[in-house]
1. Can you match Rg and Dmax of the Cα atoms in Å to one of these, (1) 16.6, 49; (2) 15.5, 50; (3) 14.4, 50, based on a calculation from the structure here?
2. For the chain, the longest stretch holding no trypsin sites (Lys or Arg not before Pro) located in a DSSP loop with at most 16 other Cβ atoms within 10 Å is which?
3. With the contact rule set at Cα under 8 Å and sequence spacing of 6 or more, what percent relative contact order holds for region 30-121?
4. What residue among L50, P64, Q26 has its Cα farthest toward the positive end of the dipole of the chain, where the charges are +1 on Lys, Arg and -1 on Asp, Glu, each on the Cβ?
5. What does the charge dipole of the chain about its Cα centre add up to, to the nearest 20 debye, if the Cβ of each Lys and Arg holds +1 and the Cβ of each Asp and Glu holds -1?
Amino acid sequence: MVQPTFKRDLVVTLLQRISQERQFIQVVTGPRQVGKTTAVQQVLEAWPGLRHYASADLPAPPQPGWIEQQWELARLRSTSGQPVILVLDEVQKVWRWSEVVKRFWDEDSREGRDVRVVILG
């Protein structure tokens, strides 16, 4: 018998938010090992559209260019004009991450790209 998977309220809330028109970056924060990544993975499983997930939890902290690479991969997936969800997990490990995320978010806003962003850390 398969056990049902427990889903926190966060899963429902986050799925509702990313299903709406692109307006805000979604930020999921909290202490280590509380289920942030698991919750977001459940959201991605329920999301019917395009997605790109990347984790900065690497042996050496990634450089800011890592965010640029991940963002470009997400953009490439949305060439059909469909929204794409970009999840950047452990983003706090990237030096100057907030400046890079802001730059790409603002650029997508100006260009009318529908990259919906979720960051965890």
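1. (3)
2. No qualifying site falls inside 33-95, the longest such stretch.
3. Once divided by the residue count of region 30-121, the mean separation gives 34 percent.
4. Comparing the listed Cα positions along the dipole, Q26 ranks first.
5. That gives the chain a dipole magnitude of about 200 debye.
No lab work stands behind these numbers, since they all come straight from the coordinates. Not measured: the values here are computed from a predicted model. Using ideal geometry, Cβ is built from the backbone for each residue, glycine included, and neighbour counts are taken over all protein chains shown.
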